[in-house]
Amino acid sequence: MSSIKYIEEATDYLKHRGFDKPDVGIILGTGLGKLIDSVAIEAEVSYNHIPNFPTATVEFHKGKLIYGTLAGKKVVLMQGRFHIYEGYSLRDVTFPVRVMHQLGIKHLLVSNAAGAINLNFKKGEIMLIDDHINLQGDSPLAFRGVEKMGERFVDMSAPYNLEMNRKMEQLASDNNIKLHKGVYASVVGPQLETRAEYRYLKIIGADAVGMSTVPEVIVANHLGLPVAAVSILTDECDPDNLQPVNIQEIIAMAAKAEPSMIILFTELIKQL
Ligand code: HPA
């Protein structure tokens, strides 16, 4: 079966379950699920019920796709995303983006938890992603037949939509939210970086590092789908004073910045 057929099967299933022409797609990062409390939910489906959704790991049996109204718009939200470190291919990781696009979304919003490489940025703050560096050693577009679904040599001169980013910066200023702007580097994970790797990331121009987002953004660009993304900075990656990773603290930091992220996303959706 072709990729297009897989996408159509999943989309048809969701349409029958009430996912009716969403305007905006939203991917929520680790520890960033509270936006769902603001959604008037009309339908929800577990990932493992959606035909062709990649659900090989136990963790993702609790992942859900949610449909409803947020800020006056119809939205489809991913509660939980797929990561390359779980053993998925980048085509699997990005399959939901293609399905949300086929459902009809016109914009995509993405969030993630990330480490701050730029030490002027502090944990608990937010960074608007302006550009990225793909260090995952692979592309979600490296497969036979990709040219039937869009261009093979996708332009990446402005991967994050300039208009959405401009609006997000204005909203941050209007709402007194400190919003940094910078370059996100994606790594495979799941291990955190060594001191030498943090030094390297700084030298090559990264402001933040994480294990997601870049594949989804590449596919959004392949589809011509305007996308914006924010990193919630959960730890400070200072190679000269590196503390052992503390997952509890990372989750606590994500929770601290989450209300600001919710304001930014909700207000942006009103303007889309
Ligand atoms: N590195 C990679 N991924 C992360 C980090 C980090 O320091 N913090 C949160 N996600």
**OP:** Determine the per residue accessible area of the chain with all protein chains present and a 1.4 angstrom probe, expressed in square angstrom.
**Re:** 45
Subject >> Solvent exposure, largest accessible area first (probe 1.4 Å, DNA, RNA and ligands not counted), of ILE129, ILE203 >> reply: ILE203, ILE129
**OP:** For segment 1-102, go through all pairs of different Cα atoms, get the mean of 1/r, take its inverse, and jot down that Kirkwood value in Å.
**Re:** 13.8
Subject >> Across LYS5/LYS181; LYS202/LYS270; LYS178/LYS202; LYS5/LYS34, pairs whose alpha-carbon gap is larger than 28 Å >> reply: LYS5/LYS181; LYS202/LYS270; LYS5/LYS34
Subject >> Under 5 Å, built H, 5+ apart or other chain: amide partners of GLU42 >> reply: TYR67, GLY68, THR69
Original post:
Within the accessible area of segment 8-47, what % is carbon and sulfur when the probe is 1.4 Å and the other protein chains stay in place?
Top reply: 44
Original post:
So what J values fall out for segment 70-81 if you push phi through Karplus, 6.51 cos²θ - 1.76 cosθ + 1.60 with θ = phi - 60°, rounded to Hz, Gly and Pro as x?
Top reply: 9, 6, x, 10, 7, 10, 10, 10, 9, 8, x, 10
**OP:** Considering only MET168, MET149, MET127, give the residue with the highest GNM mean-square fluctuation for the chain, with springs between Cα atoms whenever their separation is below 10 Å.
**Re:** MET149
Original post:
Cα centroids of segment 1-30 and segment 102-132: how far apart, whole angstrom?
Top reply: 23
Original post:
Based on the Cα gyration tensor of segment 149-272, what are the three equivalent ellipsoid semi-axes, each the root of five times an eigenvalue, rounded to whole Å and given largest first?
Top reply: 26, 21, 13
**OP:** Using only the C-alpha atoms of the chain, find the volume of their convex hull and express it per residue in Å³.
**Re:** 119
Subject >> Amide proton proximity set for ALA185, modelled H, under 5 Å, gap of 5+ >> reply: ILE133, ASP207, ALA208, VAL209, GLY210
Original post:
In whole Hz, what ³J(HN,Hα) sequence does segment 108-123 give by Karplus (6.51, -1.76, 1.60; θ = phi - 60°), x for Gly and Pro?
Top reply: 10, 10, 10, 10, 8, 9, 8, x, 8, 8, 6, 7, 7, 9, 10, 5
**OP:** Would you work out what percent of the accessible area of segment 157-208, with all protein chains in place, is carbon or sulfur (probe 1.4 Å)?
**Re:** 51
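The values are calculated or read from the model by the stated rules, or taken from the named source; none is laboratory data. Not measured: the values here are computed from a predicted model. Heavy atoms of the whole protein, side chains included, go into the accessibility calculation; ligands, DNA and RNA do not. Shrake-Rupley method; radii C 1.70, N 1.55, O 1.52, S 1.80 Å.
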